[in-house]
1. Hey, Tyr122 hits all of (1) more than 17 Å from Asp362 (Cα to Cα); (2) open to solvent by 60 Å² or more (accessible area, probe 1.4 Å) but one; which does it fall short on?
2. Looking only at the range 285-306, count how many residues are open to solvent by 10 Å² or more (accessible area, probe 1.4 Å) and among the β-branched types (Val, Ile, Thr).
3. So, Ala111, is that one at pLDDT 95 or above and among the hydrophobic types (A, V, I, L, M, F, W, C) or not?
4. From the list Pro175, Pro140, Pro128, Pro104, which one is over 23 Å from Arg349 (Cα atoms) and in contact with a Leu (Cβ under 9 Å, 6 or more places away or on another chain)?
5. Listed residues Thr109, Thr63; which is surrounded by fewer than 19 Cβ atoms within 10 Å (Cβ to Cβ) and out of contact with any Asp or Glu (no Cβ under 7 Å at 6 or more places or on another chain)?
6. Would it be correct to say that Trp99 is open to solvent by less than 80 Å² (accessible area, probe 1.4 Å), of a type in the set (Phe, Trp, Tyr), in contact (Cβ under 8 Å) with a residue 40 or more places away in the chain and within 30 Å of Ala38 (Cα to Cα)?
7. Looking at Glu102, Glu119, Glu192, can you tell me which residue is under 21 Å from Val373 (Cα atoms), of a type in the set (Asp, Glu) and touching a strand residue (DSSP E or B) at 6+ places or on another chain (Cβ under 8 Å)?
8. For Leu35, are the conditions met, namely being open to solvent by 30 Å² or more (accessible area, probe 1.4 Å) and more than 20 Å from Asn188 (Cβ to Cβ)?
Amino acid sequence: MRTETSSHSWLLSGSDQSKVRLPGTDRARDPAATLEMAGRAARRAGVTRVADITRLDTLGIPTYQAIRPTARTLAVSQGKGVTADLAKLSAMMEAVELWHAEQPMRPVTTASPRDLAGELGYDVGALPRCAPSLLHDGLPVDWVAARSLADGSPTLVPMELAQFTLVRRTGWHPPVFFSSTNGLASGNTLTEGVLHALYEVIERDAVTAFMTGGDRGTRVDPRSLGSPVVDDLCVTMERARVRMEVRSLASPTGLPCFLARITCDDYPPPFLGFGCHLSSEIALSRAVTEAAQARLGYIAGSRDDLHANVHDDRGAPRQPEPAPEPGAPITPLHAHESLVDDLDDVVKRATVAFSHAPLVVDLTREDLGVPVVRVLAPGSRVCPEVF
């Protein structure tokens, strides 16, 4: 391990120098300890019920919902996993993350990018912007404190990209940045949360390129990975007569990024799931379980962000599915033995890929006791048409 010489000593805890390997994920602590922490925080964040919706579908891939009636964003958070405990954790932690992003923030300063020239260390224009955007060098912007993931050096990022709320604001607010939940994550430790957030930013960069560009990825054979976890998920799909197509998406980081697309005759709309991780097995299992979660979200019908047109083709003649292409074998990539070594590796890859080190804002609240962060990667791609 390289923990003694890690450039991330400023955010490390003792738990980050190893990891708990679980089906489809790596964590700093075992699920029982995380469930206890997440349960306390979820109650304080306004979660009134955690529902197991797995059996609403024929797949049987564990999926849970956490209900938060007073939310300023989504009242229904959803989580998936290879086991019931991991799915329950996923739902509760998503609700806790959103609660943190919704909380009012006070800017450190209000200034134009021109006023902060030389202090930021990155190009503000490389941050995700809405379309159209009124960003220019003289526009006053609210800023909050952040740190570089390369060396921990302090910087500032626009407050609009650190927090997220759907509450309507009064007065005039010029459209500038594309506000979303991209890069918002939690964990047992800050390192774990930053890793989850960074994986999401990298994943969405690859998916945005896939959705908006010409590169359609490479169809792969999930069984070629030789993973018992992935093999079980494939058997689950086959048993439910659900067709699954998996594609490997190109990422400038070189990390494994997968797209899983599932369809079936009984419920024809296609549902997609995505996953990114240093471990090919974890990235692929995340993509498959997320596709199942997306399908269950529409079956349950209780999410706030469902698209009304997903069933627009019902009643139309069903077109036969094309014959499956032969999938290419997956070249396995493996994570390191500790979370800090994983973080060192992923940060270096992202810094090269996006031509700037990622930035992190610590959103953690002592009264909830769950590490929550927002990671921004100047130069990475994400657009409203995709997320």
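1. Going through the list (1) more than 17 Å from Asp362 (Cα to Cα); (2) open to solvent by 60 Å² or more (accessible area, probe 1.4 Å), Tyr122 breaks only (2).
2. Number of matching residues: 1.
3. yes
4. Pro175
5. None of the others qualify; the one that does is Thr109.
6. Yes; evaluated as a whole, the condition is true for this residue.
7. One residue alone meets the criteria, Glu192.
8. The answer is no for Leu35.
The values are calculated or read from the model by the stated rules, or taken from the named source; none is laboratory data. This structure is a prediction, so every number in the text was calculated from the model and none was measured. Please note: Cβ atoms are built from the backbone with ideal geometry, for glycine as well, and neighbour counts cover all protein chains shown. Note: areas computed on protein heavy atoms with side chains; ligands, DNA, RNA excluded. Shrake-Rupley method; radii C 1.70, N 1.55, O 1.52, S 1.80 Å.
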